[in-house]
1. Using heavy-atom solvent-accessible surface (probe 1.4 Å) with all chains present, what is the largest-first order of 18, 86, 28?
2. Which of the GluC sites (Glu not before Pro) across the stretch 21-73 are loop residues per DSSP, with 15 or fewer other Cβ within 10 Å?
3. What accessible surface, in Å², does a 1.4 Å probe find on residue 125, ignoring ligands, DNA and RNA and rounding to the nearest 10?
4. Under a 1.4 Å probe, what is the accessible area of the stretch 23-92 per residue, stated in Å²?
5. Once label points are set 7 Å from the Cα along Cα→Cβ at both residue 23 and residue 273, what is their separation, rounded to one decimal in nm?
6. Taking the Cβ of residue 55 as the centre, find all other residues whose Cβ is under 12 Å away and add up their charges (Lys, Arg: +1; Asp, Glu: -1).
7. Across the stretch 35-103, what fraction of all alpha-carbon pairs, as a whole percent, falls in each successive 10 Å bin from zero upward?
8. How much length is gained if the chain between residue 9 and residue 129 is pulled fully straight, taking 0.36 nm per residue apart and subtracting their Cα-Cα distance, in nm to one decimal?
Amino acid sequence: LCEALRVTDLAPKSEYRYSNFAYGLLGYLLELQTESPFEHVLQEFVLEPLGMKSTKVHLSDEEWQTQVLQGRNATTGRPSWRRQPYGILVGNGALYSTLSDMGHFLASTIQAARGFEGPLSPALRQVLRPKTWSTPCVRQACQDMVAQVPTAERVLVGLGWESASTGTKSTWFKAGDLETYSSAMTIHPQSGRAVFAVDSCGGCGSKSGSARGSATQRLTRILADGYVPGFSLLLHRVSAAELATMSGNFIICPAAFHPGSFAKLVIRLKDTSSGPTLWAQTESADGTRSMEALAMPLGSVKRYLRGSLLSGSTLALQESIGTHDGSDGPLSQARQKRMIHLLPDLHQPFTIGTAVLQSDGIDAYFVSSTANCPLSI
């Protein structure tokens, strides 16, 4: 810890930077302040009040052999356990838990976020209160712009949680990877949904574009999002001419705030052995492109845009979100609920002006030109 602090360049207080060392340092300071081991402090003030009886820092040899699933490294493929002691940095991720205990934690968090009182409710609400932007957009002017254009993607930071929200939608997300494990949890306070998932492969998943993270990590967002209503009859047969009207190049509205954000959406019409098909691909502000996803016409949709109810088309995306090492298990090939709503141009009704990408519980608005950026939804 001391060696790391000597070479650490601390950011200005107005700028956010994620730091595992900072969490480890916080745990160490708690031990000094309470004169008690971190695990005892956590049990007394957090775990016992929330009913998390199986969560702990230290496991016995028997528990290692009977309760811990062996993980594997995504790069080497070798199975192993993460048994090395964290030392004084125990606060940055040394806990072992169960699905039941994590259920208790998320249930308590959801109840607190929805205004119900229970153990630690004030503290659980406090950690979900946005503290700062997790992007270069840290000035009040950026927040005003987001408030005026609710379709702007916002990435905010609470105490440990990160929020990705657009318009009236807001989800809180936390993910992490060790050498042999990855995990994630997502909560959607408005709907009362929360999801936790863990897998035994560390560092798995796509490293680029909108498909970042392992299948398990992305699945938590999909499940927390819930059902997307508003679809009508399926389009069984769509002509090549009709497909051509659904293709196009779209830019994010407004401009992406940071390099990892969406910047462009491209829908291409290709000739394949099975006939003409549509393919969709996103591009980040730094030029990183996602995998191309087959976009299948699903049906019609109605959405409000600038106060008007518009009729458009829906494309269902079949995107592989499996591990990046080429495996093709059931989850990696499953059709996930990612869709694109194609809405007409407000000034040219027979052309597409807005493409709304629904992914991971977030609506991202892409437009054919900035003149179509909606001021309200």
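The values are calculated or read from the model by the stated rules, or taken from the named source; none is laboratory data. Bear in mind that the values here come from a model prediction, so they are computed numbers and not experimental data. Please note: Cβ atoms are built from the backbone with ideal geometry, for glycine as well, and neighbour counts cover all protein chains shown. Just so you know, the surface numbers come from the protein's heavy atoms only, side chains and all, with ligands and any DNA or RNA stripped out. Shrake-Rupley method; radii C 1.70, N 1.55, O 1.52, S 1.80 Å.
1. Solvent-accessible surface, decreasing: 18, 28, 86.
2. Hits after loop and neighbour filter: 35.
3. 70 Å²
4. 67 Å²
5. Roughly 4.7 nm, to one decimal.
6. With Lys, Arg at +1 and Asp, Glu at -1, the neighbours total -1.
7. So the P(r) values, bin by bin, are 17, 45, 31, 7, 0.
8. 40.5 nm
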